[in-house]
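This report concerns only the one structure given below.
The values are calculated or read from the model by the stated rules, or taken from the named source; none is laboratory data. From a predicted model like this one, the values you see are computed outputs, not experimental measurements. Neighbour counts are summed over all protein chains in view; Cβ atoms, including those assigned to glycine, are modelled from backbone coordinates with ideal geometry.
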Amino acid sequence: MQFLSLSDFANLLNQTFTVNMDHDGNTPFVLVEARPLEGAARLRDAVRDPFSLLFRNEAAIVFPQKTYAMKHAALGEFGIFIVPIARDRTGFIYQAIFN
């Protein structure tokens, strides 16, 4: 099992990740923020420090919170649970929490 960490995403800001949405094909999600998770308890023997990722998607519809198979050239394919947390003029913002 691959444990992704904040350092895996830190240099990928503003890059596009894709999720295959079956009937809609590959849907782009742009990584807009990668930061440590403030105030989260850190276990002494944890395999990684907690962190948060924010992705922007410009689709007209909101995708439900669930685990998606996401792809990026540098990271390959990995499962990620994302939750829609906001909407603005250009689309929706989704958050993933790793702890």
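Tell me the residue from Thr27, Thr18 that is assigned to a strand (DSSP E or B) and either at pLDDT below 95 or more than 12 Å from the chain's Cα centre (by Cα) (or both), please.
Thr27
Here is a list: Ala10, Ala46. Which entry is loosely packed, with under 15 Cβ neighbours inside 10 Å, modelled with pLDDT under 90 and among the small types (Gly, Ala, Ser)?
Ala46
Residue check: is Asp88 modelled with pLDDT under 95, of a type in the set (D, E, K, R), loosely packed, with under 10 Cβ neighbours inside 10 Å and farther than 21 Å from Asn99 by Cα?
Answer is yes for this residue.
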